[in-house]
Amino acid sequence: MARSLFTLDLAAVRANARRLVEVLEGAELWAVVKANGYGHGAADVSRAALEGGATALCVASIEEALGLREAESDARIIVLGPSETRDVERARSARLELVVGDDRVPDGVPVHLKLDTGMGRWGLSELPAPTRDVVGVMSHFASADSDPAFTRRQLDVFREATAGTSLIRHVANSAAALTLPDARLDAARCGIALYGISPFGGDPADDGLRPALRWESALAQVKLLEAGQSTGYGRTFVAAEPTWIGIVPVGYADGFRRDLTGTTVLVAGELRLVVGTVSMDAFAVALDRQLPVGEPVIILGEGIRAEEHARVADTIAYEIVCGVSTGAPRAVREVVP
Ligand SMILES: *Cc1c(COP(=O)(O)O)cnc(C)c1O
């Protein structure tokens, strides 16, 4: 048996896309599929998002875009990250659109001008006179998930700078699309919500979204620790009393991070705590009784959410799912159409 199994539920991605289209009330949904679709698989997610009503795909780099172009020969593909002058020819022949955040606006390829309205990262501080190939103008929010006042201020700066333009205007990410109707403008660039993960770290069901990724494994060994015996490197978990533990053949090399000690997974349908130090190839769970080897362990899915793992690891769910290694030789990946 494989050490673990990832299942990508395309029906969930389609449903999340449809849900976002409904929320956007007329603005276009642009599906953000950078970083291999937040770890889910960019080509599969793109197809499902387009079927669910998305009208464009957004990636971070020319390389990601060229890979996606092979799977999606017709879709509109926008490269959000910075590109080099030498990329322009490749972008043109692959029919990509580029985002430009400085005053070197290339010719011969559709361009979106990026304004820095408070993110303090990529972007122009003023809108230059648009050239023939400029099709859109955009900005990016720094804290749409947590600071509505600052987000509103960024939106006001953007609207003032772009008043009167007939270019496509797009600023919203998932959090803004869900909470700030004025930010929806002509299109919203949604990533995390498409995967059924809450941009706010809460329950995605609150926003009508459903997780698309399931990650499961099985108990590979079950043993009884006597009081005083430990499991794993550093002896960070020492049994206070006789304790059954199960060993799961998934570790930080698979994307189950070392700081996930203390998180919860489902073992044989019951919530169980991850104990001891996560190693490269395995982690341990505390059991309340002896269970047979082969009992299923659900790491994501069936109510075990990336948002919860992120809380334990003191990060965001984005980083949890981007970090999972969904491919051979360690894991098997299945796609449910
Ligand atoms: C990643 C990204 C998004 C998507 O953000 P989510 O929070 O995942 O919806 C939107 N716009 C830009 C510029 C991005 O880099």
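The values are calculated or read from the model by the stated rules, or taken from the named source; none is laboratory data. Please read these numbers as outputs of a predicted model, since none were measured by experiment. No Cβ is skipped: glycine too gets one built from the backbone with ideal geometry, and neighbour counts run over all protein chains shown. These area figures cover heavy atoms from the full protein model, side chains too; ligands, DNA and RNA do not enter into them. Shrake-Rupley method; radii C 1.70, N 1.55, O 1.52, S 1.80 Å.
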query: Amide H of ALA218: which non-local residues (sequence gap of 5 or more, or other chain) have their own amide H closer than 5 Å, using H built in the peptide plane?
result: VAL297
statement: Note, the stretch 137-150: 3J(HN,Hα) by Karplus (6.51, -1.76, 1.60, θ = phi - 60°), whole Hz, Gly/Pro = x, goes 9, 9, 8, 9, 8, 7, 8, 5, 7, 9, 9, x, 5, 5
- prompt: Per 20 Å bin, what percent of the C-alpha pairs of the chain does each bin hold, from zero upward?
  reply: 30, 49, 19, 2
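So if I place +1 on the C-beta of Lys and Arg and -1 on the C-beta of Asp and Glu, and nothing else carries charge, what would the dipole magnitude of the stretch 25-138 be about its Cα centre? I want it in debye, nearest 20. Walk me through the intermediate numbers first.
Numbers: 12 positive and 19 negative charges, 21 e Å.
With only Lys, Arg, Asp and Glu charged at Cβ, the dipole is about 100 debye.
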- prompt: Taking a point 7 angstrom from the Cα of ARG210 along the C-beta vector, which residues in the stretch 1-41 have backbone N less than 14 Å away?
  reply: 8-20
task: Normalise the Debye intensity by I(0) for the stretch 250-317, one equal point scatterer per Cα, no solvent, then take log10 at q = 0.18, 0.23 Å⁻¹ and round to two decimals.
output: -0.64, -1.04
- prompt: Amide H to amide H, which residues 5 or more places from ILE304 or on other chains are under 5 Å from it, using H placed in the peptide plane?
  reply: none
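Rounded to the nearest 20 debye, what is the charge dipole size of the chain about its Cα centre when +1 sits on each Lys and Arg Cβ and -1 on each Asp and Glu Cβ? Each step should come with its number before you reach the end.
Numbers: 34 positive and 45 negative charges, 71 e Å.
Using Cβ point charges on Lys, Arg, Asp and Glu, the chain gives about 340 debye.
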query: How much of the DSSP beta bridge set in the chain is antiparallel, as a percent to the nearest 5?
result: 50 percent
- prompt: How big is the C-alpha Rg of the stretch 2-63 next to the rule-of-thumb value 2.2 N^0.38 Å, as a ratio?
  reply: 1.18
query: Largest first, how would VAL88, VAL293 line up by accessible area (1.4 Å probe)?
result: VAL293, VAL88
field: Surrounding net charge for GLU334, when Lys and Arg each add one and Asp and Glu each subtract one, Cβ distance under 14 Å
entry: -1
query: Using 0.36 nm per residue, how much length does the chain from ASP103 to LYS223 gain when fully extended, once their Cα-Cα distance is taken away?
result: 36.9 nm
task: Highest first, please rank the peptides 232-242, 98-108 by the mean number of other Cβ atoms sitting within 10 Å of their residues.
output: 98-108, 232-242
query: Taking the Cβ of TYR233 as the center, what net charge do the other residues with Cβ under 12 Å away carry, scoring Lys and Arg +1 and Asp and Glu -1?
result: +1
field: Segment ALA328-ALA142, length gained on full extension (0.36 nm per residue, minus Cα span)
entry: 63.4 nm
Integer Hz, Karplus 6.51/-1.76/1.60 couplings in order for the stretch 326-337, x for Gly and Pro: 7, x, 4, x, 7, 10, 10, 10, 10, 10, 9, x
query: Summing +1 for each Lys or Arg and -1 for each Asp or Glu, what net charge is found among the other residues whose Cβ lies under 13 Å from the Cβ of ALA172?
result: 0
field: Gap separating the Cα centres of the stretch 1-74 and the stretch 179-244, nearest whole Å
entry: 21 Å
Histogram of C-alpha separations across the stretch 200-254, 5 Å bin width, %: 4, 14, 16, 15, 11, 12, 12, 11, 4, 1
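Relative contact order for the chain: what is it in percent, counting Cα pairs under 8 Å that are at least 6 residues apart? Please report the intermediate quantities before stating the final value.
Working: 776 pairs, mean separation 64.4, N = 337.
Across the chain, relative contact order equals 19 percent.
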- request: Give a residue-ordered list of calculated ³J(HN,Hα) values for the stretch 238-245 (Karplus: 6.51 cos²θ - 1.76 cosθ + 1.60, θ = phi - 60°; whole Hz; x for Gly, Pro).
  value: 10, 5, 7, 8, x, 9, 6, 10
- prompt: Hey, what's the Kirkwood Rh for the stretch 1-105 if you take every pair of different alpha carbons, in angstrom?
  reply: 14.6 Å
